[in-house]
1. Could you check region C:159-180 and list, in sequence order, the residues that are hydroxyl-bearing (Ser, Thr, Tyr) and in contact with an Asp or Glu (Cβ under 7 Å, 6 or more places away or on another chain)?
2. Select from region B:122-144 the residues that are among the charged types (D, E, K, R) and at pLDDT 95 or above and list them in ascending order.
3. Go through (1) surrounded by fewer than 16 Cβ atoms within 10 Å (Cβ to Cβ); (2) over 18 Å from the mean Cα position of the chain (by Cα) for C:Gly123 and report which single condition fails.
4. Filter region C:145-191 down to the residues that are open to solvent by less than 10 Å² (accessible area, probe 1.4 Å) and farther than 26 Å from C:Ala98 by Cβ, then identify the one that is modelled with the lowest pLDDT.
5. Quickly run through region B:139-166 and pick out the residues that are part of a loop (DSSP other than H, G, I, E, B) and without any contact (Cβ under 8 Å) to a residue 60 or more places away in the chain.
6. Which of the residues belonging to region B:217-244 are open to solvent by 10 Å² or more (accessible area, probe 1.4 Å) and either within 7 Å of another protein chain (Cβ to nearest Cβ) or in a helix (DSSP H, G or I) (or both)?
7. With open to solvent by less than 20 Å² (accessible area, probe 1.4 Å), hydrophobic (A, V, I, L, M, F, W, C) and touching a residue at least 24 places away in the same chain (Cβ under 8 Å) as the only criterion, which of B:Phe197, B:Phe209 stands out?
8. Could you count how many residues in region C:87-108 are part of a loop (DSSP other than H, G, I, E, B) and either touching a Leu at 6+ places or on another chain (Cβ under 7 Å) or modelled with pLDDT under 95 (or both)?
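The values are calculated or read from the model by the stated rules, or taken from the named source; none is laboratory data. It should be emphasised that the depicted structure is a prediction, and the values quoted were computed from it without experimental measurement. When we count neighbours, we look across all protein chains shown, and the Cβ atoms used for this are built from the backbone with ideal geometry, even at glycine. Just the protein is used for accessible areas: all its heavy atoms, side chains included, with ligands, DNA and RNA removed. Shrake-Rupley method; radii C 1.70, N 1.55, O 1.52, S 1.80 Å.
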Number of protein chains: 4
Amino acid sequence: MTCNVMSLTGSSCDMPGVHRFEHAELGVTDLEEATAFYTDVVGLIEIRDDGDCVYLGSGLDETFDIAIREGDTGIDHFAVRVADRDELERYKARLDDAGVDVKRDDGNEPGQTAGLRFDLPSGTRMELATVEDRRYQHSNEVHGDGRGGAAPMGVDHITLASHRVKDDATFLANHLDFSVSTAVTDDPDAEEWSGAFTRRGDYHHDVAFLPHPDPESTMHHISWEVKTVDHMKSFIDRINQHDVPLEFGIGRHYAGDNVFSYFQTPGGNRIELTAEMATVDPAADTEYLPFERALSAWGPVRPPESFQEDVS
Amino acid sequence: MTCNVMSLTGSSCDMPGVHRFEHAELGVTDLEEATAFYTDVVGLIEIRDDGDCVYLGSGLDETFDIAIREGDTGIDHFAVRVADRDELERYKARLDDAGVDVKRDDGNEPGQTAGLRFDLPSGTRMELATVEDRRYQHSNEVHGDGRGGAAPMGVDHITLASHRVKDDATFLANHLDFSVSTAVTDDPDAEEWSGAFTRRGDYHHDVAFLPHPDPESTMHHISWEVKTVDHMKSFIDRINQHDVPLEFGIGRHYAGDNVFSYFQTPGGNRIELTAEMATVDPAADTEYLPFERALSAWGPVRPPESFQEDVS
Amino acid sequence: MTCNVMSLTGSSCDMPGVHRFEHAELGVTDLEEATAFYTDVVGLIEIRDDGDCVYLGSGLDETFDIAIREGDTGIDHFAVRVADRDELERYKARLDDAGVDVKRDDGNEPGQTAGLRFDLPSGTRMELATVEDRRYQHSNEVHGDGRGGAAPMGVDHITLASHRVKDDATFLANHLDFSVSTAVTDDPDAEEWSGAFTRRGDYHHDVAFLPHPDPESTMHHISWEVKTVDHMKSFIDRINQHDVPLEFGIGRHYAGDNVFSYFQTPGGNRIELTAEMATVDPAADTEYLPFERALSAWGPVRPPESFQEDVS
Amino acid sequence: MTCNVMSLTGSSCDMPGVHRFEHAELGVTDLEEATAFYTDVVGLIEIRDDGDCVYLGSGLDETFDIAIREGDTGIDHFAVRVADRDELERYKARLDDAGVDVKRDDGNEPGQTAGLRFDLPSGTRMELATVEDRRYQHSNEVHGDGRGGAAPMGVDHITLASHRVKDDATFLANHLDFSVSTAVTDDPDAEEWSGAFTRRGDYHHDVAFLPHPDPESTMHHISWEVKTVDHMKSFIDRINQHDVPLEFGIGRHYAGDNVFSYFQTPGGNRIELTAEMATVDPAADTEYLPFERALSAWGPVRPPESFQEDVS
């Protein structure tokens, strides 16, 4: 691989930049209830409604952030954005070389131009995708109607529930140019970790993992970016006005330094709101942290018991 | 150049990531007055005092952000961070090939391990630097004593005053893997631009240019990151309490979408506070904008006349 | 007047407390356009639609904040809340004694239980009103459907355009127990003032006056409370997304210390967003300030020319 | 009592307005440690140092907020501001009539011009005080040196630990013109309450009570006003940088709607940070709430066990 074609108007190399968690397809227990929550309360916009699958976005660009479909909670697959088809082909070659079973999945999702799908070691399905709308989001411009005033900026990262945390994180590092920002463990050489936070771009994590004994479990939460803790507070007030309580927060994680709050949403699945995630030098070493420290920067906290449970 | 050594714990390739504006050395009309302002009022910490040069940082990491020295206002040089010595050597080779006069400058600044210095087409001196402290900044940890409560997170970007805007931006793109996020011009094919915003990482700009007829002018402003507009407001109140007025703002730029405010500081030089700068897809095309539009996202604004003047 | 009946659960005296600007009835050039702006963009809720008059509120209580009616811009009347009918009767007696022409206007507006109407010396019609819903606004509870996520907390104060500023302010002080927090003048003994800020409760101003030569002009702006400058920023982004530019701000006034921004709204009339208004000790003396100082706490600012014009 | 002297420039009646919690004198286990925390970390300014007693203020006016003295934690007395000496005399007469033992204490504290001291039914000593500096706090002006950038705006309210909650709240209502905004109880007619929130001005509470079985216990916490939840976050980061953890929060109370966080401070005693406290109509009825509801607006929360303990 070479990066010798430099141009004035675009980064010429396929190395990690802003590439990050792009979207996830989720199961919800009640499609109508979940759609109403995400549009009327959260203020997302509907990008496409296929009848059994509704595609929702922040409205700040034309890409969707989550697709919801009636069924078991958790994820069908999650996607990470890559720059273009060339980059996609190179990753396909690398995954093929590594013996990973890879399938093309092009153009079946709104705004996604091409995709590669494969399974993580824990079995969760991942996608690399290229998107049509690669512009940056001007804060004062919306695409489509209906973005609500307290709506998040878009998806920020996904935290998977995995029975093979270290294997999954290592897979991302070995084959897909992720770096491990933080490994949650008392012993860096332990066979398994209690969590892993991996990045492809500047932000501390795009895809994270928390341990779960059940091989069928897929997701701990999807995290949505809010601009500030004040925005977070307005969002919490907003969902409270519609009878959705806060599950855990407001606090600050130490792994990633992001300010957080968690909810269990109508129709199932947990979401996090996140603000102020740290950016990390590409050359920074992995940080090893015990769980309690990784969880909270502001001192010991007691998450509710539900927080450890599988609510996908 | 190849990127074939993938490792678990660090990005293995030297392409742009979080690399950004690292520091600048500034002239100030009164070293004592400027030092007092930056430490007592702004809340920066003193990293080193050489007698005639004071190195100041945010205290959230161990690197310095600005060095100030008594003399004419404006910059002696500004630096952009690169990952390591290997990357530095590769850029040296590329600049040598392009016939650019390059000098090594290693270890003369606190926390900087190696450096390359050369001139932009407009004559302003630039440095590529590697730093010792590449950790990410945990929000609740400080290094050294004295960080003030309203202090910025660190330097964010630098906006140079240039008599050759397009040449300078093209130089960064051709030799140093910057991308032009926004060119300020009514005509993309014009011989000169009225501004340029260039990035090496995810953020919309790390180094920007505004036009100035005087070849000796070097800088329009240094921009400091604040976390939120609320932090910005507290900072403005803080400097007002010490008799430094706001020059321009609070507004939102359209080029970069960052919320801004500007001041002229005791000892000379203009600073900007910035929050919420947009991140840009590596594959995004350059955006061409007229000046008035680039300046303000929220509608027409009238900057004070001083804003166009050379206060470096 | 005596205050000798003390009870456990309510303030026992009719003196000023939280009583403040309660509502205004406004003319708009296009009722449909204005209603769409206030509901779809601002996120107010419709309390009642009489066909030719639409009553709008924040949704955080059951009272309305503005009534809009097609016609000339400016106000038909504005209302200040008093505690109950007893207090209303006492003010009626005082105004009668002073020879002011007073009319009862009970129950004609939604949620208003009783009202007294009369003219200020400048001719602008004022109302004292009692309201049905005197509960305090729980931040996480809404009344009615449709409150938008960036909606303000409610009306904060009104700034009238007056050709008799000092007379109007003196009227409020002499007959209605307002205090003059700030008089805008270089000379406290001047026959006329360049502005006046009057309060009935803890906040620096509930009703303010700016000078205008035209006796027919009624209003400079209605001000809406936002919780924080971050909320203000989100609101500005929101209306920008619907093509309404910022007219002036974000800045901080010195008279009242409130953070401000101004807009001209679809259908006419100027609104202000305000946050962080100072509270004032009941025993504090009037502060006399020159106009430029009263206008801006953060240093000299240049409002656009439109800001001085009569846009009601 | 009559209110017949109306003047242009000041409130003419002595009824409650902005009057609120003015200061408290606290015991601390280590005076030097506590002083260092409040000045270096919190950013308060030292108003006077008597050797064994240090008076600290926000620096936004010239009054002090807390006096600290080495000894047992908890309060020696707390003070509520009244308008002037006339009002003080009237309260003296009312307390004398009610058989309360009252002592004058004039001019012994910096900036306090006159004072009345007496005991609440639970035994905690209270003061009514008049102050010299009754100006309102301009946000961009400081008095004295050293106010830190994350410092609070001043004290907001005090929450006493009482073994006679209902008696104490009733005393304030009967003799000192407080209103009970919220009583914490499942049964309004119960002989004792699980908490009470009382106000004298517009804000939901100035003096609150939580039950504690020990007659010697005096205080649950002193609450400091921060402007916004963003300011609160910066304050938490700030004290964390100096190794003081968060005890409980960030959450939103339902009784008062204020956003909160709690800490145990070096030298003893608990402080709260508070923002966005609701204002209440003087004529509003008392609200009766169960404890869990009063505690949290955002859903069920689990305070740490320490939160119920007597840390004064």
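1. Passing the criteria: only C:Ser162.
2. B:Arg125, B:Glu127
3. Here C:Gly123 meets the rest and fails (2).
4. The extreme case among them is C:Ala150.
5. B:Asn140, B:His163, B:Arg164
6. B:Lys227, B:His231, B:Ser234, B:Asp237, B:Arg238, B:Asn240, B:Gln241, listed by residue number.
7. After applying the criteria, what remains is B:Phe209.
8. The number of residues fulfilling the criteria is 5.
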